[in-house]
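Let me begin by presenting the structure, written as structure tokens, before commenting on it.
The values are calculated or read from the model by the stated rules, or taken from the named source; none is laboratory data. These figures come from a predicted structure and were not determined experimentally. For neighbour counting, all protein chains shown are included, and Cβ atoms are generated from backbone atoms with ideal geometry for every residue, glycine included. SASA here: full protein model, heavy atoms, side chains in, ligands and nucleic acids out. Shrake-Rupley method; radii C 1.70, N 1.55, O 1.52, S 1.80 Å.
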Amino acid sequence: MMDLFSRVFSKDLLTCKSTFNAILTLGHLRQSRFVVRGVPRCQLAIQLAKLGVLRDGLSSFGEDVAYRQAFRYGSKSIRKAESGVERERHPAITITATITATTHFPTSILKTQPFQPPIFARCRWLLLLFSSGAMALSDPSGVSELIASHHPSLSQYEDLYRTLHANPELSEQEVWTAAVIAAKIEKFDGFEVHTGIGGHGVVGVFRNGTGKTVLIRAELDALPLEERTDLPYASFKRMLDSRDNVEKPVMHACGHDMHMTAVLAATELLLSCRAAWSGTLVILFQGHEESGSGAQAMVDDGLYDPARHNIPRPDVMFAGHTMPRKAGIISTRKGVFNSAANSFRVTVFGRGGHGSRPHHTIDAVVLASSIVMKLQGIVSRETNPQDAVVVTVGSLQAGDSENVIADKAILKINARSLTNESRASVKAAIKRIIQGECLTAGCAELPLIEETTSFPLLYNDEAVTDVVENEFKRHFGNRFEEATVSMGSEDFGNLGPSPGCFWNIGCIDANEWDEALANGKLAKIPGNHSAGFKPVIQPTLFAAMESYALATLAFLKK
């Protein structure tokens, strides 16, 4: 054990001018956390990371080279100290480790705060690190240890993320993004690269002997939204939307840029440890997820068809998504994860005329307004209160002048539900109400109801998710949370029918999150599809990369 300590605490570290404080915050002989302050350029983190003994992921400390160096040596947990911890000259970091032994160091190097168990109060100097025995207790599958020893350098991926974020592309127009991703995959040794699937979809296949086939999915597209962040790599891009021929601002406001980057980083990690696993890895980058049609378009284009693209059909498939949670938090759950969703474009036809003669018209504005109000009754009066259903009219367009009664109105409606039964009844109710209101108004023409998007109910397979969840709990510790059912929607399930697991990845700066939590203002943090959505690069990228690698190795490790 002393030999291990001597390897960790090099002469350079022991003689550094700044001292550090190690605070034991849990006080049990399994997992504990240390808050370390005043170590210039994270020297302690780097020393420990060289041995791969750190337990969690890295937090946001800007672009400091030392943090990237800690990544490179396999650090698994450096994050900002809990709120309320006194700050010193250097940023505080927190390291979670497993207690296995104690040893002695000069008090000038290590100063301890009071510890909870009485025995610790009698210890003059204390540091606790991993040993092989403790690793076996906390990591019986060996997956965490394998990942820790094969972390790639993330600096290139941080740069890639900034590039992707600054250059987003709209759904069905992801030409440049697809080319960038394909070029990155081609640089990986041994990968087959398939492009142009279902539009601009890109797939990489790596065959590594016999075993299961695992598919990891990411998305290529961005949103028609004008970015309003202060990021130095913010998007100022505009594109002509091919779907309506209107020029629009474009922004990666849903984290797809992070997903792409993290999947590529996880791929490099998995290639590095290929000797430890066997099977086939498929990394899939789909287009137009935001419209809910990208996954199905790839399948319809012969994704798995031997006569077309001949991509191996997965035994299990995985995907993650950034969400407005504290950065580095990973969460999943068994069963229903996201709602089913359907969107409609509805055109109602009235009879126009002069504003002074409403009795000669069928006012499309009044008709559309009545429809909007009647639709609210679907949730409040037609749905079982124990069921979760949402009906939203997100757009109502009618008329151009204040003294002209409009002859036509266009409504855009979105409906979400958590069961197939509720989904069917809500769709039927929407159609019935619209047609009934038009009939009541005396419209000569039937309404036009067009379904524009359709997202399946996202369901996490119980058996697959149980395996993934157990690995996440062991690896991420208190950075793993049980997810709640979300009324958001995903087309990931259309890549099936293979069983899959989907999870969320926290991406909000820890300080921003803690401050908002303390002040009761979490709802004011900009989330997905907001012009102010601003994922912090680290530790989001680090945690996302590890999550993809963990899930994959849980099924492919020898």
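Segment N403..A183, full-extension length gain: 73.5 nm, with 0.36 nm per residue of separation and the alpha-carbon distance subtracted. Among the listed pairs K212/K326; K334/K557; K473/K557, a Cα-Cα separation exceeding 24 Å is found for K212/K326.
Order E192, E227, E402 by their accessible area, 1.4 angstrom probe, all chains in place, largest first.
So, going from the largest accessible area down, we get E402, E192, E227.
Between the C-alpha center of segment 199-267 and that of segment 148-198 there is a gap of 9 Å.
Accessible area per residue was computed with a 1.4 Å probe on protein heavy atoms; Y459 scores about 110 Å².
Hydrodynamic analysis of segment 188-320 uses the Kirkwood radius over alpha carbon pairs. Inserted into Stokes-Einstein at 25 °C and 0.890 mPa s, it gives a translational diffusion coefficient of 151 µm²/s. Packing-based ranking of 242-255, 434-447 yields 242-255, 434-447, ordered from highest to lowest mean Cβ neighbour count within 10 Å. For segment 264-378, dividing the convex hull volume of the Cα atoms by the residue count gives 239 Å³ per residue.
Count the net charge of all other residues whose Cβ sits under 10 Å from the Cβ of K534, scoring Lys and Arg as +1 and Asp and Glu as -1. After counting each charged neighbour, the total is -3.
Reported to the nearest whole Å, the Cα centre-to-centre distance from segment 342-398 to segment 281-304 is 34. Are there any GluC sites (Glu not before Pro) in segment 505-555 that are in a DSSP loop and have at most 10 other Cβ atoms within 10 Å? List them by number. Passing sites in segment 505-555 do not exist. Note on segment 448-527: Rg/Rh from Cα positions, Kirkwood definition for Rh, rounded to two decimals, is 1.07.
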